[in-house]
Amino acid sequence: MTNPEPLLQVQDLRVEIGERRVLEGVSLEVPAGALVVQMGANGSGKSTLGLTLAGHPRYRVSGGSARYAGQDLLALTPEARGRAGLFVSFQSPPEIPGVKNNLFIRSALNAVREARDEAPLDAFDFLGRAREAAALLGLPEAMLGRPVNDGFSGGERKRNELLQLALLQPRLALLDEIDSGLDADGVRAAVQLVRELRAQGTAFIVISHYLQLIESLEPDAMLRLDQGRIVEQREMAPLPGAPHAGYKGLLGAARTAQAV
C-alpha cells in the first residue's frame, strides 16, 4: 500500500520581495491532521511562507513548487485557495473600516460552503453559531456587529482570528503567533480549538516561541528557519506527563539566533 500524498507538499520554494530573496529553498510536508511548529529569528522567513502560500501579491515565487490537496497551489488565486480550505491568520490583524464583522465572516463561510457543495447559512443560523463560538473564545458578542477589528484590543483581534478559524473549519491553517496578545484564558481557548479541529482532520503550521503553548499543542514536528532556510527539523514524540526536551532545545536555538 502506498502512502497518501501529504495535504501540503512544498519543494525547494524560493520567494522574493522586490529585489530581496526571503526564502532560499524551503521544503516541507504536512499530512492531514498534523501540527508543525515553525520557529526562527525575526526576518528568517516564517511569516513569508504563510503569506506566500495564501497568495499575497507582494511575495513573488521565483522557484520551487507547492501542492495542496492534490492541486498546484501556486496556480490558484488567493480566493480559490481560501475556498479550498486554506486559512492564514495575521500576525497583526488589520482593521477593515465599514465592513461588519459578522457579514465579513458569513460571506467567507458561505463562499467556502459553496465550494463544498453545501447550502449557505442565512443570517439567523450564522449568528447562532457565531455567538456560541465567540462565547467559547472569550470574544464579547458586541464585537460581532462592529467593523472588523475596529477598536479591538490586541487580544480581541487574535480572538477574532480564532473565531474565523472556528467557523471556517479549514483543511489547513497557518497560525502566525496566535498567542501574541492573548491572556492565559485566551491561550487555553486557542489550544482547545486547535485540538478539536485536529481531531476532525485539520492540519496546522503554527509560528510561536511560547514554550507553554508549544508543549500544550503537542506538535508532530518542529522547524527552525534561519535566513530563509530550514536549518533544523525535529520529529517530536512527547513523553506523557513531561515536556519533551526537544521543545526546549529548539526554542533555545531560536532565541539565541534572535538575540544575535
- prompt: Between the stretch 56-72 and the stretch 201-220, how many Å separate their Cα centres?
  reply: 24
Amide H contacts under 5 Å for Arg146, placed H, 5+ residues apart: Asn101, Asn102
field: Size descriptor, Kirkwood hydrodynamic radius, that averages inverse alpha-carbon separations across the stretch 28-169, Å
entry: 16.7
task: Could you list the trypsin sites (Lys or Arg not before Pro) in the stretch 132-169 that lie in coil according to DSSP, counting only those with at most 10 other Cβ atoms within 10 Å of their Cβ?
output: none
- prompt: Per residue of the chain, what 222 nm ellipticity follows from adding -39500 (n - 2.57) for every DSSP H run with n ≥ 4, rounded to the nearest 500?
  reply: -12000 deg cm²/dmol
- request: Among Val61, Gly85, Leu193, flag the residue with its Cα farthest along the positive direction of the charge dipole of the chain, charges on Cβ as +1 for Lys/Arg and -1 for Asp/Glu.
  value: Val61
statement: Spelling it out for Gly64: with amide H atoms placed in the peptide plane at 1.01 Å from N, the residues 5 or more places away or on another chain with amide H under 5 Å from its amide H are Arg14
Cβ charges +1 (Lys, Arg) and -1 (Asp, Glu), total dipole of the chain, debye: 300
field: Principal axis dimensions, the chain - Cα atoms, whole angstrom, descending
entry: 49, 45, 42
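Since every read-out is calculated from the coordinates, none of them should be taken as a lab result. A quick note: this is a predicted structure, and the numbers were derived from the prediction, not measured. Because the Cβ atoms are built from the backbone with ideal geometry, glycine has one as well, and the counts that use them run over all protein chains shown.
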